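> The structure under discussion is supplied below as structure tokens; questions concerning it will follow.
The values are calculated or read from the model by the stated rules, or taken from the named source; none is laboratory data. Small disclaimer: the values here were computed from a predicted structure and weren't measured. Please note: Cβ atoms are built from the backbone with ideal geometry, for glycine as well, and neighbour counts cover all protein chains shown. All accessible areas refer to the heavy atoms of the entire protein, side chains included, with ligands and DNA or RNA removed. Shrake-Rupley method; radii C 1.70, N 1.55, O 1.52, S 1.80 Å.
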Amino acid sequence: MADPKGFLTHDRSLPELRPVQERKKDYKELYQEFPPEKTIAQASRCMDCGVPFCHNGCPLGNIIPEFNDAVYEEDWRTAYDILSSTNNFPEFTGRICPAPCESACVLGINQPPVAIEHIEKSIAEVAYERGYVRPNPPTSRTGKQVAVVGSGPAGLAAADQLNRAGHTVTVFERDDAIGGLLRYGIPDFKLEKSVIDRRLAVMEAAGVRFQTNANVGENIPVGRLLADYAAVVLCGGSTIPRDLPIPGRDSKGVHFAMEFLKQNNKRVAGKDVSSELPLLATGKNVIVIGGGDTGADCVGTSNRQGAASVTQIEIMSKPPTERAENNWPNWPMILRTSTSHEEGCEREWALMTKEIIKDEHGAIKAIRTVRVLWDKDPETGRFNMVPQEGTEKDWPCELLLLAAGFLHPQKQGLLEQLGIGLDGRGNVLANNYQTTVPKIFAAGDMRRGQSLVVWAISEGREAAKSVDAFLEEGESVLEARDQGKLVVNA
Ligand SMILES: Cc1cc2nc3c(=O)[nH]c(=O)nc-3n(C[C@H](O)[C@H](O)[C@H](O)COP(=O)(O)OP(=O)(O)OC[C@H]3O[C@@H](n4cnc5c(N)ncnc54)[C@H](O)[C@@H]3O)c2cc1C
Ligand code: SF4
């Protein structure tokens, strides 16, 4: 156990954010330096409970009390070994995970929980600084080739694991850079792209091959993959956004969030976007429809581009600020205010957008909303949306960003050509990660629907285990979740 009195001696504390006016001028990470001794004090708050619910809260089954103890003992090498035994990319999750582990922390029952996510990031950063993160190629190769389609966190985790198991892995990515939504969805102020590049260099040195501008089903025939590879892992993400089919949807200035975010991430990376229609919030009244992570990222990006105003609209009611009683250790449905919201944003709940109003040039000039009530049906328990008469309102708007979630993966191309079976929601149907087509596996958002980076890593790892077992006559050298320390050469 770290320090038996740690949680009595130290309050939860986290690195300070950079001042809003400063951080809005750039896309750099938001947090200031935090001295290691303060992180050690945070680790000492872990109570090493008999039943660590945080393990279960984390989709990767991260062995949290053990790495907290190692940090407390200032044994950062051991802390990294423990952390990396269950998590291939703690430098990603340590920055952008919503930390369901912290909602399950036992200390959280009557005190602020242990700062697990921050400790995770600190361990990863110390490990890089001190050279503990090194390419770890397998001692021997199986001679089997595996193709991974899609280079988001699921594809990267699957590739990393399969390479460790000795297979020769090629990752195919249709974009011009590796990383999936880590690269072209999540803004740099949440995850600077040098963090991805640093990891990719380690993976490449360990033997993972990457092919960009490789759109499987378009410029890479699916037949070639089936012929050349012993197994294929589909990690193409959930990329079809939910639309808003209302009058005026065809107005100029109405875009899906991902069009806006992707272009901006390219711009921040110094890429030439001059051939694309410029999507800029500068000087505009921006409205973001959708209250989740994607919407918040649009808010932060719009403010950095110098929007005149930013408003985020959500159709659901405003969530409570306090966790419901008896909710622990589950994920609480509470109001979350992100760093992007703190930078300037009006937030509105229970508003339904009825119409987009255009000017004489066909460009959006306002949206018309109506307030709704969510009425619980006493018989079914379902909530019904009831528009409130006389509450219509027009909101001036020159840029409308639709961030209302993603429906399912793209079917056209890859999935159609492979003839893959889909589940009721249109995601890839895969039992134990094996799809309905022999030797083709699936993981991440493409299989489970839109989710989180931590779940994508978890799915990539689990799919890799299934693939390894398939290739090696039922026996995998890769360990499954909760089996503790990994693996070949780790
Ligand atoms: C704007 C935004 C912000 C988010 N913020 C967070 C956050 O802060 N924290 C968090 O935990 N989660 C966040 N998420 C969710 C998280 O990013 C995803 O759940 C996660 O990236 C899914 O990983 P994946 O590997 O399954 O798919 P993706 O990351 O979507 O990667 C799929 C990749 O496959 C490629 N691809 C698809 N089809 C083909 C093909 N035929 N050939 C070749 N390549 C192909 C795509 O180009 C893409 O690069 C966010 C999502 C969005 C959209
Ligand atoms: S990956 Fe996320 S859930 Fe798991 S320990 Fe880290 S912050 Fe917590």
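> Using a Förster distance of 60 Å, how high is the FRET efficiency between residue 22 and residue 475, based on the Cβ-Cβ distance and rounded to 0.05?
0.65
> Taking only protein heavy atoms into account and a 1.4 Å probe, give the accessible area per residue of region 1-60 in Å².
Here the residues of region 1-60 average 58 Å² of exposed surface.
> I'd like the isolated cysteines in the chain, meaning no second cysteine's beta-carbon lies under 4.7 angstrom from theirs.
Flagged as lacking a Cys partner: 46, 49, 97, 105, 235, 298, 345, 397.
> Which percent of the accessible area of the chain is formed by carbon and sulfur heavy atoms (probe 1.4 angstrom)?
Heavy-atom surface of the chain belonging to carbon and sulfur, 1.4 Å probe: 50 percent.
> While we're looking at this one, here's another question. Give me the three principal axis extents of the chain from the C-alpha atoms, as integers in angstrom, largest value leading.
Ordered largest first, the chain gives principal extents of 68, 62, 53 Å.
> Quote the FRET efficiency, to the nearest 0.05, computed for residue 198 versus residue 346 with a Förster distance R0 of 45 Å and r equal to the Cβ-Cβ distance.
The formula returns an efficiency of 0.75 here.
> Roughly speaking, what is the stretch gain from residue 141 to residue 13, that is 0.36 nm per residue apart minus the C-alpha to C-alpha distance, in nm to one decimal?
41.5 nm
> At 222 nm, what helix-only mean residue ellipticity would the chain give, in deg cm²/dmol to the nearest 500, using -39500 (n - 2.57) for each DSSP H run of four or more?
-8500 deg cm²/dmol
> Based on DSSP H assignment, which helices of the chain show an axial Cα extent of at least 15 Å together with a mean Kyte-Doolittle hydropathy greater than or equal to -0.5?
Correct list, ordered by number: 116-129, 153-164, 193-205, 453-471.
> Moving on. Thinking of region 363-420 as a set of Cα atoms, what percent of all their pairs are more than 16 Å apart?
So the pairs more than 16 Å apart make up 71 percent of the total in region 363-420.
> At q = 0.09, 0.15, 0.16, 0.21 Å⁻¹, what log₁₀ I(q)/I(0) does a Debye calculation on the Cα points of region 1-121 give, no solvent, two decimals?
-0.24, -0.65, -0.74, -1.21
> Right, something else. Could you work out how far apart the two model spin labels at residue 272 and residue 388 are, taking each label as a point 7 Å from the Cα in the direction of the beta carbon, and quote it in nm?
A separation of 5.3 nm, rounded to one decimal place.
> Using a 1.4 Å probe and ignoring any ligands, DNA or RNA, find the accessible area of residue 439 and quote it in Å² to the nearest 10.
50 Å²
> If you don't mind, there's one more thing I want to ask. For residue 365, what residues show an amide H to amide H distance below 5 Å, using hydrogens built from the backbone and excluding near sequence neighbours?
Amide H neighbours of residue 365, under 5 Å, 5+ apart: 357, 358, 359.
> Shifting gears a bit: In whole Å, what is the distance between the alpha-carbon centres of region 445-463 and region 248-262?
27 Å
> Here is a follow-up. Could you tell me the center-to-center distance, by alpha carbons, between region 46-72 and region 283-356 in angstrom?
Between the Cα centre of region 46-72 and that of region 283-356, the gap is 31 Å.
> Calculate, for region 354-490, the solvent-accessible area per residue in square angstrom, rolling a 1.4 angstrom probe over the heavy atoms of the protein chains.
Per-residue value: 52 Å².
> Enter the mean projected area of the convex hull around the alpha-carbon atoms of region 307-355, in nm², rounded to one decimal.
Averaged projected area of region 307-355's Cα convex hull equals 4.7 nm².
> Can you tell me the Rg and Dmax of region 318-472, counting just the alpha carbons, in angstroms?
Expressed in Å, the Cα Rg and Dmax of region 318-472 come to 21.6, 66.
> Moving on to the next point. Based on the Cβ-Cβ distance from residue 110 to residue 361, what FRET efficiency comes out when R0 is 35 Å, to the nearest 0.05?
Efficiency computed from Cβ-Cβ geometry: 0.05.
> Just the number, please: percent antiparallel of the DSSP beta bridges in the chain, rounded to the nearest 5.
The antiparallel fraction comes to roughly 40 percent.
> Also: Along the Cα→Cβ direction, 7 angstrom out, place labels at residue 416 and residue 325. What is the inter-label distance in nm?
5.5 nm
> Leaving out ligands and nucleic acids, note down the accessible area per residue over region 157-215 with a 1.4 angstrom probe, in whole Å².
Each residue of region 157-215 exposes 28 Å² on average to a 1.4 Å probe.
> List every residue whose amide H lies under 5 Å from the amide H of residue 220, counting only residues 5 or more places away in sequence or on a different chain, with H placed 1.01 Å from N in the peptide plane.
Result for residue 220 returns 215.
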